[in-house]
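Asks: Structure in structure tokens, see below.
The values are calculated or read from the model by the stated rules, or taken from the named source; none is laboratory data. Every value quoted in this text rests on a predicted model; they were computed, and no experiment measured them. A quick note on method: Cβ atoms are made from the backbone with ideal geometry, for glycine too, and the neighbour counts reach across all protein chains shown. Accessible surface areas use protein heavy atoms only, side chains included; no ligands, DNA or RNA. Shrake-Rupley method; radii C 1.70, N 1.55, O 1.52, S 1.80 Å.
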Amino acid sequence: MIRNNQSPMSGTPSSEGLGEVSEQASGQASAHDFYLKGNEYRRQGNWQEAINCYLEAIELDPESPAVHAKQMLDDILNYYNKDLYNP
């Protein structure tokens, strides 16, 4: 029998769902979970939710890669917003 988080080919747990398991086991999302969620929102173009997730990750872990991701997103948004101010 194949369990929910097992690969049908190998019979070993796959990497899918591991974030859900760790989040459920601890009862809290980690900084890494928020970072990954922020990346997913960024890929979808949902800038505000991405920033919110990065801020949560930074609050939990100031050394998180979310620091650089948020700075990158800020730079992108500042570049795009310059055109709004220059007619």
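Asks: Quick one: order Asp75, Asp33, Asp61 from most to least accessible surface, probe 1.4 Å. Each step should come with its number before you reach the end.
Replies: On the way: Asp75 80, Asp33 25, Asp61 60 Å².
Largest accessible area first, the list is Asp75, Asp61, Asp33.
Asks: Can you compute the modelled spin-label distance between Asp74 and Glu49, with each label point 7 Å from Cα toward Cβ, in nm?
Replies: So the two model labels end up 2.3 nm from each other.
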